[in-house]
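Here's the structure we're looking at; comments come further down.
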Amino acid sequence: MIEYFLTTSSPWAYLGHAEFGRIAKTHGVAIRCRPMPVRRVFDETGGLPLPKRHPVRQAYRLVELQRWRERRGLALDLKPAIPLGDPSLADRTAIAIGLAGGDPMPFLGAAMAGLWAGRLDLSAAETVAHLADGVGLDGTALVAAAQGEEAGAVYEENFSAALTAGVFGAPSYVRDGEVFWGQDRLDLLERAVVSGRPAYRPG
């Protein structure tokens, strides 16, 4: 089982989502989706939100996004027309899907594509519900559940679990306690899965 720490507001999670799903399916590995409040993870681990990063870092990020959207063959708006809002509703809707016994992966893929390629506002309840409907789910019911206490408690649990696991950014894939940070580490993750090697530890 691989724990998948992410937020729907991450373009990197979007770029790696389908490839990660392919890896898991190809090798028969279960995925535990753990959407998390990534800004709070940054605050706890010394990361900076994008607007506070040095301009050189911001510029390089834009170049990397172009490289990876070409590599993955995906549409991606470098600067979405809809300003990035609070991703918690979409994140918690994915949690609600899991709590209802469903697979959050299709919804997560649709939500991230909607934000990064479809100019959709993921902070709008009607938009999130429509995206869930589009993957064959009851969007209205799920958005209502996402706003409830149980989904909120799991969101907090995922935040704590991320810190405990050593996660400091999104996406992060955790296999047997070993963190693979960033979708550009998916090839290394797949090699670890295929080889079955023991997890690496610091030091």
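The values are calculated or read from the model by the stated rules, or taken from the named source; none is laboratory data. Quick caveat: nothing in here was measured; it's all calculated off a predicted structure. Here the Cβ positions follow ideal geometry from the backbone for every residue, glycine too, while neighbour counts run over all protein chains shown.
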Exercise for the section: Would you please list the contacts, defined by Cβ atoms under 7 Å and residues six or more apart or on different chains, that run from a residue in region 161-182 that is closer than 15 Å to residue 46 by Cα to a residue that is among the hydroxyl-bearing types (Ser, Thr, Tyr) and in a loop (DSSP other than H, G, I, E, B)? Expected result: 170/7; 170/10
Practice task
Might you let me know whether region 48-71 holds any residue that is among the charged types (D, E, K, R) and closer than 21 Å to residue 108 by Cβ?
Solution key: yes
Fill in the blank from the handout: In the set 62, 50, the lone residue that is surrounded by fewer than 14 Cβ atoms within 10 Å (Cβ to Cβ) and either within 17 Å of the chain's Cα centre (by Cα) or closer than 21 Å to residue 136 by Cα (or both) is 50
Practice task
Look through 154, 174 and report the one residue that is under 17 Å from residue 104 (Cβ atoms) and not in a helix (DSSP H, G or I).
Solution key: 174
Problem - Test: residue 117 is within 29 Å of residue 71 (Cα to Cα) and either among the hydrophobic types (A, V, I, L, M, F, W, C) or in contact with a strand residue (DSSP E or B) (Cβ under 7 Å, 6 or more places away or on another chain) (or both) - result: yes
Fill in the blank from the handout: When every residue in region 47-70 that is without any contact (Cβ under 8 Å) to a residue 40 or more places away in the chain and of a type in the set (D, E, K, R) is compared, the one farthest from residue 184 (Cα to Cα) is 52
Exercise for the section: Identify all residues within region 132-151 that are among the hydrophobic types (A, V, I, L, M, F, W, C), touching a residue at least 40 places away in the same chain (Cβ under 8 Å) and part of a helix (DSSP H, G or I); write none if there are none. Expected result: 142, 143, 145, 146, 151
Handout entry: Answer from 108, 15 - the residue that is in contact with a His (Cβ under 8 Å, 6 or more places away or on another chain), of a type outside the set (S, T, N, Q), under 18 Å from residue 169 (Cβ atoms) and crowded, with 19+ Cβ neighbours inside 10 Å
Key = 108
Problem - Hits in region 27-46 - residues which are free of Cβ contacts under 8 Å to residues at least 24 places away in the same chain and either on the phi < 0 side of the Ramachandran plot or crowded, with 19+ Cβ neighbours inside 10 Å (or both) - result: 39, 43
Exercise for the section: Could you tell me whether region 122-137 includes any residue that is closer than 17 Å to residue 13 by Cα, touching a Pro at 6+ places or on another chain (Cβ under 9 Å) and either modelled with pLDDT of 95 or more or buried (at least 21 other Cβ atoms within 10 Å of the Cβ) (or both)? Expected result: yes
Exercise for the section: Within region 140-159, identify whether any single residue is surrounded by 17 or more Cβ atoms within 10 Å (Cβ to Cβ), of a type in the set (A, V, I, L, M) and under 21 Å from residue 47 (Cβ atoms), and answer yes or no. Expected result: no
